[in-house]
């Protein structure tokens, strides 16, 4: 399999002596699939985590096989035909367009989409319907990285590759529990350290002493929300140590005059006090950075899911620019995506402010280019950025959204302030859910449920964190009446009268139209096709037309020219703001949330995997003994955890692996699970003003005995 996995059926269908499927015409027998790593995949090198190893167990369990309908949420679902489902959907679309216009329509997509699904959904809403209200759950995971890269370097796209893990001298892991959330990459680092006697040095910045921190040479357990202060303090010390590359800064950056006084103010003493760490640890990190030939920094949700997410990304990029640690092997700022195709979504314009090929809806030239390519009249694409997912929730609260189409995601677990979300969605006249699995929390608020073909049942591409595009072929039939998402969006487009614009007959044709739209853009993939990927395996972009297989660019900015008007990267100077909801007397603790190794997001898949559920049968609240003692809480006791938005009940695990004043809760368990503990009921919706990413990593809470 091109996605880093090889799958094969354990028991193929029985056949008679003439080779005819003996089960044809009868109820299909469940085929069990086994998975192993693909040693030829250049990103995974044959390694696979527990979720990948058990993915075969999830393909046929609890699947949706037919469209379902109910006119009101207090009624049970009734199976219907696809024709009836299309009639219901088209009726709402056409009525809303006639009475109110397209701004009362919205789609909420997902990094679980294949690129082709993403592309067709965007073309339908932004092109055919003239509304930019397409957002995706990448808003919850990667939008701060998107805006951070674009603001500092001129364009989105990680400049690094996984091979940099093999040559870096120092690896800084900040806001990422890589051991549990990106275990294949982390094992690659550990294998190299065993092989090379402790090289590279590992530094981990995290309020928790995670499995990642346990392997580090240096762990900085900073206070939640002080990441940007830490980076400014590190920049202060790097300048004091003479590590600033003055030639690089002068030739290839702008903004030093504004950044210099800001860094000067963040002395080691001030930084250590604000971050709650030892000054010696900060100085040690600075010395290691200064003396390292190549420095690679990796980050994920702990940086992105912040009120100052974009500013923190810029603060990290600042350090690489100041020291010239970018555009060469083993060096650079490297965001780790939280979903399999979060990068692909960024390439096709899968957020409310974007268009395909790293274009912006606010740019008139970009809109015109896309309109011509899509075959729509000038002005078809709205100049106004669409509603982000939280703005979509607010629009439903006001009664200003008539249709909310959710696909390949479970926002009734993953969004913040879930009680408010449930109440808002209940006001929407038609909630449509395209989903592969039955019984999700979002299905509980849906009127129309469409059965979706998932990975393994439809062909298409994905792009991973190192900009490597992989073809994921279909190797099994979808169950029942399930259909690929792109095909459903395309049929809606045709039925609305746009036959020519949605006339594809295969995902390969969709992909060809998309990559042609990237020609000449920073994410140029014009030389890629399904056929090339099938014949030669995964390829990295940029991959312009005429590029030989295997000759895609592993690293960006090798010439130190950046896609800004001046060709220079930007040093960004911003004062730290801290948490959007800091602890106080009424809510004295900070709740942070995260993932367990064996579970997949909102349990949609992994709740059906016995190994995962045995290892992690339910949520547990990590509490420092110092915070538990005044309440008389003992290990294993049930506690009540409350924020300004709600309360949950959960068993407690006392541990010194977390800072006093901070508690940790996994985010997987939603209302439909026996061990229901909706962590995101407690989280607020405040977020980064630039990326619009909610601060899902921190909320003020209080702890009580249950």
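Bear in mind these aren't lab numbers, they're just calculated from the coordinates by the rules spelled out. The structure presented is a predicted model; accordingly, all values stated were derived computationally and were not measured. Here the Cβ positions follow ideal geometry from the backbone for every residue, glycine too, while neighbour counts run over all protein chains shown.
Brief remarks on what is shown
- Listed peptides 664-670, 579-585 by packing density, highest first (mean Cβ within 10 Å): 664-670, 579-585
- Cβ-derived FRET efficiency at R0 35 Å, residue 398 paired with residue 503, nearest 0.05: 0.40
- Theoretical ellipticity at 222 nm over the chain - DSSP helices of four or more residues, -39500 (n - 2.57) apiece, nearest 500: -8000 deg cm²/dmol
- Full extension of the chain segment joining residue 258 with residue 194 gains 18.8 nm, where the gain is 0.36 nm per residue of separation less the Cα-Cα distance.
- 10 Å binning of all Cα-Cα separations within the stretch 459-501, expressed as whole percents from 0 upward: 22, 35, 34, 9
- Relative to one another, the C-alpha centroids of the stretch 413-428 and the stretch 649-677 are positioned 21 Å apart.
- Cα-Cα pairs of the stretch 419-468 separated by more than 14 Å (percent): 62 percent
- Fraction of beta bridges assigned by DSSP in the chain that are antiparallel (%, nearest 5): 45 percent
- The relative contact order of the stretch 157-335, computed from alpha carbon pairs under 8 Å that lie at least 6 residues apart in sequence, is 34 percent.
- Computed over the chain: relative contact order in percent, which uses C-alpha pairs under 8 Å that are six or more apart: 19 percent
- Within the stretch 157-335, the proportion of Cα pairs with more than 20 Å between them is 49 percent.
- Evaluated at q = 0.06, 0.11, 0.12 Å⁻¹: base-10 log I(q)/I(0), Debye formula over Cα of the chain: -0.33, -1.20, -1.44
- Burial ordering of 391, 466, 103, fewest other beta-carbon atoms within 10 Å first: 391, 103, 466
- Residue order for 655, 96, 602, fewest other beta carbons within 10 angstrom first, comes to 655, 96, 602.
- Share of pairwise Cα separations in the stretch 122-185, more than 20 Å, in percent: 52 percent
- Net lengthening on full extension, residue 39/residue 584 (0.36 nm per residue, minus Cα-Cα): 191.0 nm
- Global form of the stretch 589-705, assessed from the alpha-carbon gyration tensor, a/c cut-off 1.5: oblate
- Where N is the number of residues in the stretch 406-505, Cα Rg divided by 2.2 N^0.38 Å: 1.26
- Going by neighbour counts of Cβ atoms within 10 Å, the residues 191, 697 line up, fewest first, as 191, 697.
- Here residue 81 and residue 423 are evaluated by their C-beta separation; at R0 = 30 Å the FRET efficiency comes out at 0.40.
- Each semi-axis of the equivalent ellipsoid for the stretch 292-359 is √(5λ) with λ an eigenvalue of the Cα gyration tensor; in descending order they amount to 24, 15, 12 Å.
- For the pair the stretch 520-594 / the stretch 476-519, the C-alpha centres are spaced 27 Å from each other.
- Simple spin-label estimate for residue 706 and residue 545 in nanometres, 7 Å along Cα-Cβ: 6.3 nm
- Distance-filtered residues of the stretch 293-329 - backbone nitrogen under 14 Å, label point 7 angstrom along residue 360 Cα→Cβ: none
- Residues residue 100 and residue 247, FRET efficiency given R0 of 56 Å [Cβ-Cβ distance, rounded to 0.05]: 0.45
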